[in-house]
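Following: one structure in structure tokens, then a few remarks.
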Amino acid sequence: MAALTYLQAISAALRDELRSDERVLLMGEDIGVFGGAFKVTDGFIDEFGGDRVMDTPLAESAIIGTAIGAAVVGMRPVCEMQFADFISCGFDQLVNVAAKMHYRQGLAVPITVRLPSGGGFSGGPFHSQNPEAWFMHAPGIKVVAPSTAEDAKGLLHTAIHDPNPVCFMEHKHLYRRIKGEVPDGIFETPLTARVARPGSDLAVITYGAMVHVALEATDDLDGASVEVLDLRSLVPLDEAAILDSVARCSKVVIVDEANATCAAGAQVAALIAERGFEDLDGPVVRVATPNVPIPFSPPLEQAVLPNVERVREACRELLAY
Amino acid sequence: MVATETAESAAGESGALAHLALEDRIWLLRAMLLMRGIEDRAMTLYRQGRVPGSFYDGFGQEAVSAGAAFAMAPEDRLCILHRDLAAHIIRGVTPARIFAQYMGREIGVTRGRDGNVHFGDRTLGCVGMVSMLPDMMLVATGMAMAFKLRGERRCAMTWFGDGSTSRGDFHEAMNWAGVQKLPVVFVLENNQYAYSTPLDKQFAVNPVARAAAYGFGGVTVDGNDVEAMFEAAREARERAISGGGPTLIEAVTMRMHGHAAHDDMKYVPKEQVEEWRKRDPIERQESRLRALGVDIDGLRSAIRAEIDAAAEEALAAPMADPSTAAEGAFCTGPAEPLGDGLAPWSGFNSLATPVVS
């Protein structure tokens, strides 16, 4: 075990994979000599060389498209989008070529796409997005979103070992803010939800950075017993764990940092409406970013992103229902 | 290096003959005849309501895929476009599976998951196209990148049309392949029209001239001469596997039918079609071989019988099973990479081609 930040855990997973599997190859903009915009691959080029820690042309469609080509001839590419937002330029390759390949042709596309996502630091409309729902809507892509250092490492191993395209949502705001004990060596975290804190009066269902917001918001909520369910994987979605939480707590607040419409939380709410209705003692409540681009100026950004106060207020209201 | 005229057939032909045995030249004709015969029959089946959706063919363009694919080795990898059926035939996809593919039947290459020529048999080293046409240029570039990283002597080939050159993935693939000097062969199938849009609305500079701007060579070939196509592809493959980087081959041809079955092609001047009809790639290869005493009529009737039997087999096969429609979006076993295809060119018989080091 070692105490690692979320970012160090991601780096450690990549380093372990490069050391143990010669098929693994990292591709991205400025990840080699510079070590990546967030320094996730700092120093890697010295150990693994420029072929395996590849500085690519500034071309996201090409990064995804060539990764697909390399994957179908036996490589295990891990692509870094410098910011998750830039995946829009590689969207077509991901949702049309990679995602549909196995269904159409029985051909597996084992690629991992790392997507540094999320806001909270004045990144503005093009460096703050949480685009996970785009990919949840494209059959054939798995989507994972770790909230802890241990899960960041374990889920990245799982993603790289998976025979399908996996979007690995790594929240930039957690990179250096979150630290935790991480087991040594390669281990896989299952694509299931994790009970971050058990409870019985109300469940907050969320993922990524919002897990920490939810824990803080409900740490001392007038003595209420509040469960926090960390989804970890959005595709596949751990439906059994969600319905278990609903059955145990009967009241549910769902938190997304993403824009509210059709977000991951909307899918969770739909699932509960379809299959957990009988267990509910109140309406399903959602806290999410309103349907606007993420603004730049700090007071504007803080006005739209879910925060501790907003989540706490939503929980209080629902508990009183 | 960069030629803009199509009058290189003579040179291409003499080069090709140094590498093509008579059996190879017959094989090239056979692949083209199968492509035309299968597509002609499929069009009939479409009009009879046996082929759902729409139907796209490559009438008049058979030499482009036949010639280029014939130069590829078993361990090479292909991303094939929708007017390139001969490439699938050369790699080893049987006519019955092709008909079944068109008809959405269980024994079709995609088992009814995708239609018309949107298929690639992964066990034969082929990746099926998507409708966003130049996308596969990047996939082929990525395959070539892996070959180079692993030090393997093999290449990737991909086909795309004149319309594809307007999209960003064309640029991204050409640039990436040039920067990394990859063993990839880009076959630009210039068939004069992208749906209804003619070349002068597609680009101001002929794309073959752009190859130099990406740091590698481009050649223009008579796309209706199957032996010239073979030779250009053979040379490009040699260059690729010996570390010389990518090649852009512009195959100049003509789409003799509409974009798809519904398209009567009124936007194409009749004289243009008539002019190209005189340059039919199949008649051209037949006259060469007839002069050498090859029994063309016998070949044609054997192929007709093969197509008849294949169409019957496909018609008798069950439709894709609806109980499986929601299955298969994800791979649940190990990821199997592409397999090797057939490579009937006699030149591969005598060559020692160590691929995987």
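Here are the numbers for this structure:
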read-out	value
Only listed residue being at pLDDT 95 or above, at positive phi and within 13 Å of another protein chain (Cβ to nearest Cβ), chosen from B:Gly92, B:Gly112	B:Gly112
Selection count where residues are under 26 Å from B:Ala335 (Cα atoms) and within 12 Å of chain B (Cβ to nearest Cβ), scope region A:56-85	20
Members of region B:200-253 found to be under 17 Å from the mean Cα position of the chain (by Cα) and among the aromatic types (Phe, Trp, Tyr), listed by number	B:Phe230
Filter result for A:Ala314 (in a helix (DSSP H, G or I) and closer than 22 Å to A:Phe168 by Cα)	no
Unmet requirement for B:Met136, which otherwise passes all of (1) more than 12 Å from chain A (Cβ to nearest Cβ); (2) without any contact (Cβ under 8 Å) to a residue 60 or more places away in the chain; (3) within 28 Å of A:Pro139 (Cβ to Cβ); (4) not in a loop (DSSP other than H, G, I, E, B)	(1)
Sole exception among (1) touching a His at 6+ places or on another chain (Cβ under 7 Å); (2) closer than 30 Å to B:Thr165 by Cβ for B:Trp345, by number	(1)
Answer from B:Ala310, B:Ala343, B:Ala325, B:Ala320 - the residue that is within 14 Å of another protein chain (Cβ to nearest Cβ) and surrounded by 18 or more Cβ atoms within 10 Å (Cβ to Cβ)	B:Ala320
Counted residues, region B:101-129 - those being of a type in the set (S, T, N, Q) and over 15 Å from B:Leu85 (Cβ atoms)	1
All positions within region B:156-172 that are facing chain A (nearest Cβ under 9 Å) and touching a Lys or Arg at 6+ places or on another chain (Cβ under 8 Å)	B:Ala156
Pair list, Cβ < 7 Å and 6+ apart or interchain, from region B:309-323 residues that are within 11 Å of B:Glu106 (Cβ to Cβ) to residues that are acidic (Asp, Glu)	B:Ala317/B:Glu106; B:Pro318/B:Glu106; B:Met319/B:Glu106; B:Ala320/B:Glu106; B:Asp321/B:Glu106
Those residues of region A:121-140 which are away from chain B (no Cβ under 14 Å) and assigned to a loop (DSSP other than H, G, I, E, B), in sequence order	A:Phe121, A:Ser122, A:Gly123, A:Gly124, A:Pro125, A:Phe126, A:His127, A:Ser128, A:Gln129, A:Asn130, A:Pro131
Yes/no for A:Ala149 being among the small types (Gly, Ala, Ser), within 16 Å of A:Leu94 (Cα to Cα) and either surrounded by 24 or more Cβ atoms within 10 Å (Cβ to Cβ) or at pLDDT 95 or above (or both)	no
Filtered residues of region A:86-98 (kept if more than 8 Å from chain B (Cβ to nearest Cβ) and more than 17 Å from A:Val40 (Cβ to Cβ))	A:Ser88, A:Cys89, A:Gly90, A:Phe91, A:Leu94, A:Val95, A:Ala98
Residues (closer than 16 Å to A:Leu156 by Cβ and either surrounded by 22 or more Cβ atoms within 10 Å (Cβ to Cβ) or basic (Lys, Arg) (or both)) located in region A:25-38	A:Leu25, A:Leu26, A:Met27, A:Gly28, A:Ile31, A:Gly36
Any hit, region A:297-305, residues being in contact with a helix residue (DSSP H, G or I) (Cβ under 7 Å, 6 or more places away or on another chain) and surrounded by 16 or more Cβ atoms within 10 Å (Cβ to Cβ)	no
Residues of region B:247-279 satisfying the condition of being surrounded by 20 or more Cβ atoms within 10 Å (Cβ to Cβ) and among the charged types (D, E, K, R)	B:Glu250, B:Arg255
Residues that are surrounded by 20 or more Cβ atoms within 10 Å (Cβ to Cβ) and part of a loop (DSSP other than H, G, I, E, B), drawn from region A:167-198	A:Tyr175, A:Ile178, A:Thr189, A:Leu191, A:Ala193
Complete set of residues in region B:120-129 that are touching a Gly at 6+ places or on another chain (Cβ under 7 Å), within 18 Å of B:Tyr102 (Cα to Cα) and more than 7 Å from every other protein chain (Cβ to nearest Cβ)	B:Cys126
Hey, A:Asp230 surrounded by fewer than 24 Cβ atoms within 10 Å (Cβ to Cβ) and of a type in the set (D, E, K, R) or not	no
The listed residue being outside any loop (DSSP other than H, G, I, E, B), of a type in the set (Gly, Ala, Ser), surrounded by fewer than 24 Cβ atoms within 10 Å (Cβ to Cβ) and outside the structural domain of A:Thr148 (by TED's automatic domain parsing), out of A:Ala214, A:Ala240, A:Ala224	A:Ala240
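The values are calculated or read from the model by the stated rules, or taken from the named source; none is laboratory data. Just so we're clear, the structure is a prediction, and the values are computed from it rather than from any experiment. Quick reminder, even Gly has a Cβ in these numbers, built from the backbone with ideal geometry, and neighbours come from all protein chains shown.
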